[in-house]
1. Among 24/73; 24/61; 73/129; 110/146; 24/108; 99/133, which pairs are too far apart, with a Cα-Cα distance over 26 Å?
2. Using a 1.4 Å probe over the heavy atoms of the protein chains, calculate the carbon and sulfur portion of the accessible area of the range 50-134 as a whole percent.
Amino acid sequence: TVKDALTEKIAVIGENLSIRRFEKVVTDGCVVPYIHGGGRIGVLVEAETDVINDEIKACLKNVAMQVAAMSPKYVSRDEVSAEYLEHENQKKTNNNIKKMIIRRLNKKLKEICLLDQAYVQDGDLSVAKYVEKVAKENNANVTVKKFVRFETGEGLEKKNEDFAAEVAAQMGN
């Protein structure tokens, strides 16, 4: 079980570990893992595909590297919440401002949507175009369905320590 494996790891490394977040990925397609920075960042990429070979796996590993490096929030624009888009579009008052907001929103979506991002290893391609290219070369249909990104310390609040105030409090001041 996971609990037994965790207990075993604690015994081996001598550190207390707690799992705050986990994700179970079940697929009929392909799931590719990627570990970056000596285990500091971990990524899983799930894709629906009718062909699973070394080239497809390498492509998905490259996509996982992209996720590790660029930290997108969504796979595609289809996943962006209507509330987010509506909030951004409420600021429209006249045509010039409307056009500026649409350009700004499109730029933001290119940053937070994985498939819209410029592919890190070839700036002339988007991630979607890269996956399309590899799929075509392998006579396959490949669709990135999901990614999961974990980072050590993610979600932990940092303590704001004021050493002078702490010393003063200990001295009764």
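The values are calculated or read from the model by the stated rules, or taken from the named source; none is laboratory data. Keep in mind it's a predicted model, so treat the numbers as computed, not measured. Areas reflect the complete protein model, heavy atoms only, side chains present, ligands, DNA and RNA absent. Shrake-Rupley method; radii C 1.70, N 1.55, O 1.52, S 1.80 Å.
1. Details: 24/73 18 Å; 24/61 18 Å; 73/129 19 Å; 110/146 17 Å; 24/108 29 Å; 99/133 32 Å.
Violating the 26 Å limit, Cα to Cα: 24/108; 99/133.
2. 50 percent
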